[in-house]
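To start, the structure itself, in structure tokens.
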């Protein structure tokens, strides 16, 4: 297949044709979660956006190596009650162990990602698992003259980097003179030559729990360094695609560029991609402000801003109805609309899978209309992964399927086009957009059974057999299924 | 609760009272899988054995930190076609990357462990993630005089260790003189002072992919070292319990003792525990001989030695019907018997959960019989985690429940005893033996719905409403549920 993918490179602010560094192989690195608390829905949007990007690259036939890290090297300190002296008298097993927290939230993250039907990365490296690689990278940067040691810490020398003609700020568009002159001196940072210098290695205080020996004494790596070191280790000194949330552009990704260039003398990333924010009440979702929503609150409906619970795949569909570079505002109303669309799409997919092809006279206009719409699905995805346009096109196909489906048979188009249509609908809905998984199929069985019960109950009501209809209602209720008769028919909820 | 747990310490070959090093805190380290291929059923038995041990320690009220490692530092070499020269000319992304294999089989392992309803460990450290800790431990051993460097490799000096009065071989009961004099010289091992010396660090050949810088040059750690380094890091220089498969006693665990003693001057483990083998056709299950069975082959029934598929919890139950220190032979017949027992136990649990307590005259003999059986459950688990005896006792309780259950009511014992009985059955079946999980509960919903449909159909048949009863049969059939009327009632299967 000839590939004709264009993507928006944040570095130059333009859509460009995607051409991998090494023929058909694509290396993609995405900044993963910090596993010291639960992942919120804003983080999930970023990971779902890049999941679709990885899925489409694979769908196009690229050989993809997808690396997403776990940031587990944190800055946990023992508090006063757990002071160093007290601890040294205690058995190790009685101490706070950060890696227990890491394990808890890594498991939580994996669980949420699996509910959202995202593919696991090819490699999921941890920051604490790559301390040596980070130390080696610092050594190279020092050797090349772009970092200096002071009091057991190592800082990147931003001024020297700029003076040598490199552009610090080129990704984020920040003004460097301002960065250099304007940065406030934060506490304990007086040892830096310049306020905009950033830490590659930090000397650890006694209270620090996570620390390692290094040529500069006991300490821990600076946060920006892990992605540079792990990206280079698994994807090479220059990576095809590096992605992350918009908020990581500065300082994180800007620092990654400076680290890569100064260590390996090559721009570390060919295409930078950034996913936009999910807002709540028009404001950025963020742990620190409390303006946040957890995935499980949506799946259970247990948050005052929600009218009901929504399934993970509906939330995924809702997110994909916006382009990854657009801000998306979360609301219960918008989610309800997405749920209707999602069900409609799934229903059409089912119809199309079950429909029988019975050749009739070919309606050539319809035939070419369908072929054009199929090609439009590719066209939209090739246009910087435009999922909302792709979904809109799939709905046009759904419309045609529903119109042409005549008592479960379909035949006004050529068999070739029919097969192409089935393949494309399944390919885009399942493989590219990732809108179905095994779990939902197992829930399907319960759903089908409930629907069956309700249809029998309906019939009983029509036959005025109220004893049976009441019996069904009560027995369903006993096993935790509540049914509600309304104007538009009977609905139910499973607890 | 006063704890009265006895366990078999492999080091001394005796059952002893368990007394943790640090009051109520228990540290337990279990050697985890090597993630270069799928985990076979023999490995699973070891992990299920220790899962029950951890569960019971928690059930008794201990504060447990459970560490199980992932062995991902392997010895993969590029083969001829991927020789070093060729590779250096290629982009990193085109190379074989061992960590992709690690990720694949780690995910597979986690999936299988979750199907078997084992609890995740508190910390799951990887060998590649702790190279620094291993290097530091080697430094200590060299400093203390028990290791030497030669040609970029470091070996443990077994003779020196023995000459200083330490017992190498005390865990495995091997004769040391024999070990020292009898070991064959393997290729490339001539550089060792003595054939029984083992590698702490190996100089890496050019073909080696996974290698790190060290004070002795580029190389990789010896296999025995990772568990010593990670155990000490997360559980202290002396660990309460160290477990693993029987086959790890020598050389792996024997070497761990020598490493711990010579680095930290303390016996690294208070209680050694070893789980026995699962055999197939009377022979040890092993990847290398091909005498092996994969978990998914049992879950799908796709292996010629099986008559049918078995669910993960039935396999778990089958394993727990043998004591962890006994050899257990796998067969389809034995598994079928376990399935019957499992279903009987689950049915009794359900009856006991749903039964109503209606106080009648108290049968004091029965009351004390039940109390005695409950106490026997604890007694058997306190006796070196004797799960087969515990299960046998649970069946005695099941028998009583089934006999005394009179039209879903129960009242010949005191309310206190009744509550104690419910709590104990649930506690041992769910928390200790781990014989139920969420997945089976979600399947439960479908099962409940089918049962409901069948009862409505039955009623319809009794009322000679054959139109409705046929309709239900046909509609169930349409969604993949086949029902079969027999002498003993109606059964069904879901496809």
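The values are calculated or read from the model by the stated rules, or taken from the named source; none is laboratory data. Since this is a predicted model, take the numbers as computed values, not measurements. Cβ atoms come from the backbone with ideal geometry, glycine included; neighbour counts cover every protein chain shown.
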Of the candidates B:55, B:68, the one satisfying the condition of being under 17 Å from the mean Cα position of the chain (by Cα), within 14 Å of chain A (Cβ to nearest Cβ) and at pLDDT 95 or above is B:68
Kindly indicate whether any position in region B:129-147 is assigned to a strand (DSSP E or B), buried (at least 16 other Cβ atoms within 10 Å of the Cβ), away from chain A (no Cβ under 14 Å) and touching a strand residue (DSSP E or B) at 6+ places or on another chain (Cβ under 6 Å). yes
Count, please, the residues in region A:341-394 that happen to be farther than 23 Å from residue A:15 by Cβ and touching a residue at least 60 places away in the same chain (Cβ under 8 Å). 8
Quick one: how many residues across region A:237-259 are buried (at least 23 other Cβ atoms within 10 Å of the Cβ) and not in a helix (DSSP H, G or I)? 6
Return the residue satisfying two criteria in turn: it lies in region B:21-38 and is part of a loop (DSSP other than H, G, I, E, B) and surrounded by fewer than 21 Cβ atoms within 10 Å (Cβ to Cβ), and of such residues it is nearest to the other protein chains (Cβ to nearest Cβ). B:21
Does residue A:427 satisfy the condition of being under 21 Å from residue A:115 (Cβ atoms), in contact with a helix residue (DSSP H, G or I) (Cβ under 8 Å, 6 or more places away or on another chain) and at pLDDT 95 or above? no
Of all residues in region B:155-167, how many are touching a strand residue (DSSP E or B) at 6+ places or on another chain (Cβ under 7 Å) and more than 18 Å from residue B:252 (Cβ to Cβ)? 1
Wholly within region B:388-485, helices (runs of 4 or more DSSP H) carrying at least 2 residues that are away from chain A (no Cβ under 13 Å) and crowded, with 20+ Cβ neighbours inside 10 Å: B:415-426
I'd like the full set of residues that are in contact with a strand residue (DSSP E or B) (Cβ under 9 Å, 6 or more places away or on another chain) and under 14 Å from residue B:28 (Cα atoms), limited to region B:234-247. B:234, B:235, B:236, B:238, B:239, B:240, B:241, B:242, B:243, B:244
Can you work out which of the residues in region A:197-206 that are touching a strand residue (DSSP E or B) at 6+ places or on another chain (Cβ under 9 Å) and part of a loop (DSSP other than H, G, I, E, B) is nearest to residue A:258 (Cα to Cα)? A:197
Inspect region B:207-221 for any residue being part of a helix (DSSP H, G or I) and either under 20 Å from residue B:70 (Cα atoms) or modelled with pLDDT of 95 or more (or both) and give the result as yes or no. no
